[in-house]
Amino acid sequence: MKTSAQQAFVANLKRIIDRRPIPPSALAAKLGYDSPDVIEKIKTGRKRLPLAKVPLLATALGLDARIVLWDWFEAYESEALDAIEAVWCAPLTVEEMSWVRELRDAFGQVSRFGSWNGDGEGER
């Protein structure tokens, strides 16, 4: 039985796919599938969209892959999402990303801090 989050994800995906002019066969091909039937199964929730296909589908539909991926995790792996959010926070909106780009243009790229290779270098 699907959770309400899974039902919402599938319903939203169906609405978006149905509004796009891309034929199911072309969409299936962009996801690496031979048969367009898989698109109907994903739209109706009979087949769960595999995690590795989420960015491909988002790109094919002209969506922000980060947001679609976040919604997928919320629907299917909410415990993992809690851990991801605790470490990395929620994804930035398009507007927030434009602010980050402007800051980087103005001040340059900030180098990464920290390491997890165990050598003690760069630990926080």
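Counting only alpha carbon atoms, the long axis of helix 78-88 and the longest principal axis of the chain meet at about 30°.
Working note: 222 nm ellipticity from helices only, DSSP H runs with n ≥ 4, each -39,500 (n - 2.57), summed and divided by the residues of the chain, gives -18000 deg cm²/dmol to the nearest 500. Placing unit charges on the Cβ atoms only, positive for Lys and Arg and negative for Asp and Glu, gives segment 37-116 a dipole magnitude near 400 debye about its Cα centre.
Looking only at Glu79, Glu102, Glu40, which one moves most when the chain is put into a Gaussian network model with springs between Cα atoms under 10 Å? Among Glu79, Glu102, Glu40, the largest GNM mean-square fluctuation belongs to Glu102. Ordering 27-36, 84-93 by mean Cβ neighbour count within 10 Å, with the highest value first, yields 27-36, 84-93. You can think of it this way: the chain between Asp37 and Ile16 has 5.9 nm of extra reach, that is 0.36 nm per residue less the Cα-Cα gap. Here's the list of lysines a cross-link from Lys53 could span, going by alpha-carbon distance under 17 Å and ignoring same-chain residues fewer than 8 apart: Lys14, Lys30, Lys41, Lys43. Here the simple spin-label model places points 7 Å from the Cα toward Cβ, and for Glu77 and Thr59 these points are separated by 1.9 nm. For segment 1-51, the dipole from Cβ point charges (+1 on Lys and Arg, -1 on Asp and Glu) about the Cα centre works out to 200 debye, to the nearest 20.
Values in this text are rule-based calculations from the coordinates and carry no lab data. What you see is a predicted model; the values in this text were computed from it and never measured. Neighbour counts are summed over all protein chains in view; Cβ atoms, including those assigned to glycine, are modelled from backbone coordinates with ideal geometry.
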